[in-house]
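Asks: This structure is in structure tokens; I'll ask about it shortly.
The values are calculated or read from the model by the stated rules, or taken from the named source; none is laboratory data. Quick caveat: nothing in here was measured; it's all calculated off a predicted structure. With ideal geometry, Cβ positions are generated from the backbone for all residues, glycine too; neighbour counts draw on all protein chains shown. What goes into the accessible areas is simple: the full protein's heavy atoms, side chains included, and nothing from ligands, DNA or RNA. Shrake-Rupley method; radii C 1.70, N 1.55, O 1.52, S 1.80 Å.
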Amino acid sequence: MIKNANMRKSILSLCIAAAAVAAQAKPVYQGSVRTQEFRVREGIGNVLAKIRAGKPVSVAYFGGSITQMDGWRRLSLEWLKAKYPKVAFTEIAAAIGGTGSDLGVYRYRQDVLDRKPDLVFVEFATNDSWRRPEEIWENFEGIVRQTWRTNPKTDIVFVYTITAPMMEDYGKGVSPCAASAMDQLADHFGVPSVDFGWRVAADVRQGRLVMSTGENETAVPKDTPDRDRVINEKLKAEGKLLFARDGVHPALPGHGYYLESVKSAWGAMEGLPAADHAKRLKDVFFDASLADAKMEALAPTMLTGDWRQLQKGEPQESFASRFGGSPYRATKPGSKLKFRFKGTRCKLYDLLGPACGQLWITVDGRRRAHPVPRFDSYCTYYRLACLDVFDGPDGIHEVEIELDREQPSRQSVAFRLKNPEKELAGPKYNGTDWYVGRILLAGELLPGGSDAYADMGVPIYGAGMDVFGDDKTDRLAWYCNMLH
């Protein structure tokens, strides 16, 4: 029972506000939307106004590997520079291969907003293709709200890439699930969208474009020397182009298709006025909690055991530019990362790699049943990753993550190796390393121990408490029960 009158009033106010939110109807995924090359909605009038005034324009490209590679990103910026030769365009290259909007929403401020963009292209349709619409909505609403809370004159464009498996949907005249979910949210916020798949799918159906080399298995056997060149020459002789060797990452002609879609959408938006995007933030679409998503640095006081911050020139230190600082490395089992936060979400921005170990995650005294490996079937190299730690009710939470003494199984990567038995026994694939760059939070880091909050009447989730689900009515019920 809560005795402090002020605390009772605060929680009562929270209950009333939460009840009002709970009473609002949640959006429901409306199914695949009819595919079309672009939807202008509120357009990009703020950017166009700066261009007409001859002012410098900063363009951010935010997404995964398809945007990171040398392709539509470079081509579109070159096109803008040629179209508006009197305008100084600056590129913000903020795409990271193999990552989706789940990491993007946390790194967005550091990688994009702090660099003051005028226009942001957001591309996660491929890497989010397996996510539920609700997850996509949470992440994308966070991205939109962070943008317009920072600067309501920043224009946003969602772009939807295509892969070979998506051709089934495009063949039915609809966009895949991820793009459709993104477009439903785009409607709410007035964000223009460009569906790259529309133009690509049209030429595939017309026989002018081939989605991948996999469609040439019979005509050009896998053991053919210089196979890619042979395939391209064969297709050229037939009047065709290859979209992507793997059906995912376009070859340069494939990126040319993406550029043409950007150009078409741009032309359709040129006559639209500048929009005040701030008014769009009044109504929550699905969940506004990730509007405060952020990255926080690790502090030495959080670390126990064998930890060391990497120095310039050391392997894996090159990821510092992505983390916003050099990562910490632990190598000995039993090394721990411990911290406290107040909020609803927590992840870690770390690395997966050949010699990485596995982790025991404990939150509010509850230890997971199994360790979480920082290794997967792609780990012939090191790459950025996102470790889920907590997603639950708002409150003060205690996190402890310990490096396990056992290595994870390395067998998932065996099919990528020429001599799996020998290579997996070597030093590259043996170790219990853990590289951590940043803490990702929807909330705030807290200093000190739990005793510092005991007199404040603030709920501290402990081992004796139930773990609530994602349904915010559970949170509402808990807060209201605290009043009695």
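Asks: Can you name every residue in segment 275-285 that is surrounded by 18 or more Cβ atoms within 10 Å (Cβ to Cβ) and either assigned to a loop (DSSP other than H, G, I, E, B) or free of Cβ contacts under 8 Å to residues at least 60 places away in the same chain (or both)?
Replies: Scanning segment 275-285 gives ALA275, PHE285.
Asks: Those residues that are within 26 Å of THR161 (Cα to Cα) and either in a loop (DSSP other than H, G, I, E, B) or out of contact with any strand residue (DSSP E or B) (no Cβ under 7 Å at 6 or more places or on another chain) (or both), I need them from segment 259-274; list them, please.
Replies: Those that are within 26 Å of THR161 (Cα to Cα) and either in a loop (DSSP other than H, G, I, E, B) or out of contact with any strand residue (DSSP E or B) (no Cβ under 7 Å at 6 or more places or on another chain) (or both): LEU259, GLU260, LYS263, TRP266, GLY267, MET269, GLU270, GLY271, LEU272.
Asks: Collect the residues in segment 297-321 that are surrounded by fewer than 18 Cβ atoms within 10 Å (Cβ to Cβ) and within 23 Å of the chain's Cα centre (by Cα), keeping them in residue-number order.
Replies: ALA297, GLN316, GLU317, SER318, ALA320, SER321
Asks: Of all the residues that make up segment 232-247, how many are open to solvent by 60 Å² or more (accessible area, probe 1.4 Å), part of a loop (DSSP other than H, G, I, E, B) and touching a helix residue (DSSP H, G or I) at 6+ places or on another chain (Cβ under 6 Å)?
Replies: Matching residues across segment 232-247 total 1.
Asks: Something else: For LEU75, work out the one condition from (1) more than 23 Å from ILE143 (Cα to Cα); (2) in a loop (DSSP other than H, G, I, E, B); (3) touching a Leu at 6+ places or on another chain (Cβ under 9 Å) it doesn't fulfil.
Replies: Here LEU75 clears every test but (2).
Asks: Could you look through segment 35-69, keep only residues that are touching a strand residue (DSSP E or B) at 6+ places or on another chain (Cβ under 6 Å) and open to solvent by 40 Å² or more (accessible area, probe 1.4 Å), and pick out the one that is farthest from ALA265 (Cα to Cα)?
Replies: GLN68
Asks: For segment 430-448, name all the residues that are touching a helix residue (DSSP H, G or I) at 6+ places or on another chain (Cβ under 7 Å) and of a type in the set (Gly, Ala, Ser).
Replies: GLY437, ALA442
Asks: Further question: For segment 248-258, indicate whether the set of residues that are under 30 Å from GLN146 (Cβ atoms), part of a helix (DSSP H, G or I) and either modelled with pLDDT of 95 or more or open to solvent by less than 30 Å² (accessible area, probe 1.4 Å) (or both) is non-empty.
Replies: Looking for residues that are under 30 Å from GLN146 (Cβ atoms), part of a helix (DSSP H, G or I) and either modelled with pLDDT of 95 or more or open to solvent by less than 30 Å² (accessible area, probe 1.4 Å) (or both), one finds at least one in segment 248-258, hence yes.
Asks: Do you know which residues across segment 22-34 are within 17 Å of ASP283 (Cβ to Cβ) and either open to solvent by less than 90 Å² (accessible area, probe 1.4 Å) or at pLDDT 90 or above (or both)?
Replies: Those that are within 17 Å of ASP283 (Cβ to Cβ) and either open to solvent by less than 90 Å² (accessible area, probe 1.4 Å) or at pLDDT 90 or above (or both): ALA22, ALA23, PRO27, VAL28.
Asks: Can you tell me how many residues in segment 389-429 are surrounded by fewer than 17 Cβ atoms within 10 Å (Cβ to Cβ) and in contact with a helix residue (DSSP H, G or I) (Cβ under 8 Å, 6 or more places away or on another chain)?
Replies: Number of matching residues: 4.
Asks: Which members of segment 156-215 meet the condition of being closer than 30 Å to ILE231 by Cα, open to solvent by less than 20 Å² (accessible area, probe 1.4 Å) and of a type in the set (Phe, Trp, Tyr)?
Replies: Listed by number, the residues that qualify are TYR160, TYR170, PHE196.
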